[in-house]
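The values are calculated or read from the model by the stated rules, or taken from the named source; none is laboratory data. Source: prediction; values computed, not measured. As a convention, Cβ positions derive from the backbone with ideal geometry for all residues, glycine included, and neighbour counts pool all protein chains shown.
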Amino acid sequence: MDFVKLDVHTHTIASGHASTATITDMAKAAVSSNLKLLGISDHGPATFGGGRPSYFRNLSYAQRKRFGIEMLYGAEVNILDGHGKLDLDNSVLKDLDYVIASVHTPIKKPGTIEENTTAYINAMKNPYVCIIGHCDDERYPVDPLALVRTAVEHQVLLEINNSSLSPDGYRGDTRFNTLMILNLCKHFHHPILMSSDSHGVKHIGDCSYAQEMVKLAEIPAELILNYSPGKFKSFLEGRKHS
Ligand SMILES: [Zn+2]
Ligand SMILES: [Zn+2]
């Protein structure tokens, strides 16, 4: 059976809430979870206590391998408005391995379907944004077809977020939205990325609820990037040249 070998949506103490774990703690936990690749994606500066631009700039000097685990360093930036404005400048984003862009309630208020969809679409037009985080959120309804079409056009991944799907998740019942996205990605043969969104070490590599949805939607294994670090890295590399 295929198993999850990479998780690139995880938060350390630098996110400013719900985690006291250092990058070293996270890498040790990734070893226990049998991951081969771990990505660190702390919140951007608009999040209360989130990482400052200097923190993200320093990540280019961080170790690429810890305890045998391959490390990638990114950010989960905030989408600030309907124009897709982000809370870190491209001058910072360009040196990160990857960028997840997400909406969070204290920072961007939910709008209509059209407004929410436009905010995501505009964020995807930023060449450094390669993943949209938890666009399953019930509080931010979207037009899933428009979202997936843009994701295909700009080669952006629409994350399947395990923490949203967990019974104690706080984004509403996200199963329907998740299935819509999965089915449309399958239709367009667009790759799928699952993530834990673990704040701290506890849930690193745990994509169990996301895997249930992937199974339900009958997504072919070759579309799922979590099963192959090489495939995920090729996807990131391929975007740079497209
Ligand atoms: Zn988030
Ligand atoms: Zn997150």
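Out of (1) modelled with pLDDT of 95 or more; (2) part of a loop (DSSP other than H, G, I, E, B); (3) of a type in the set (Lys, Arg), the odd one out for Lys231 is which?
For Lys231, the exception is condition (2).
With assigned to a loop (DSSP other than H, G, I, E, B) and either within 16 Å of ligand 2 (Cβ to nearest atom) or not hydroxyl-bearing (Ser, Thr, Tyr) (or both) as the only criterion, which of Val4, Val31, Val77 stands out?
Val4
Answer with yes or no whether Lys65 is away from ligand 2 (no atom under 16 Å from the Cβ), within 23 Å of Thr117 (Cβ to Cβ) and basic (Lys, Arg).
No.
For Asp89, indicate whether it is touching a Lys or Arg at 6+ places or on another chain (Cβ under 6 Å) and either without any contact (Cβ under 8 Å) to a residue 12 or more places away in the chain or charged (D, E, K, R) (or both).
Against the criterion (touching a Lys or Arg at 6+ places or on another chain (Cβ under 6 Å) and either without any contact (Cβ under 8 Å) to a residue 12 or more places away in the chain or charged (D, E, K, R) (or both)), Asp89 does not qualify.
Across the stretch 128-166, which residue is farthest from ligand 1 (Cβ to nearest atom) among those that are out of contact with any His (no Cβ under 7 Å at 6 or more places or on another chain) and touching a residue at least 60 places away in the same chain (Cβ under 8 Å)?
Among those that are out of contact with any His (no Cβ under 7 Å at 6 or more places or on another chain) and touching a residue at least 60 places away in the same chain (Cβ under 8 Å), it is Gln155.
Looking only at the stretch 7-28, filter to residues that are away from ligand 2 (no atom under 11 Å from the Cβ) and either part of a strand (DSSP E or B) or among the acidic types (Asp, Glu) (or both); which one of those is nearest to Ser164 (Cα to Cα)?
Asp7
Would it be correct to say that Gly39 is buried (at least 23 other Cβ atoms within 10 Å of the Cβ), in a loop (DSSP other than H, G, I, E, B) and within 13 Å of ligand 2 (Cβ to nearest atom)?
no
Could you list all residues from the stretch 16-34 that are in contact with a strand residue (DSSP E or B) (Cβ under 7 Å, 6 or more places away or on another chain) and either aromatic (Phe, Trp, Tyr) or under 13 Å from Val201 (Cα atoms) (or both)?
Ala18, Ser19, Ile23, Thr24, Met26, Ala27, Ala30, Val31 - these are the residues of the stretch 16-34 that are in contact with a strand residue (DSSP E or B) (Cβ under 7 Å, 6 or more places away or on another chain) and either aromatic (Phe, Trp, Tyr) or under 13 Å from Val201 (Cα atoms) (or both).
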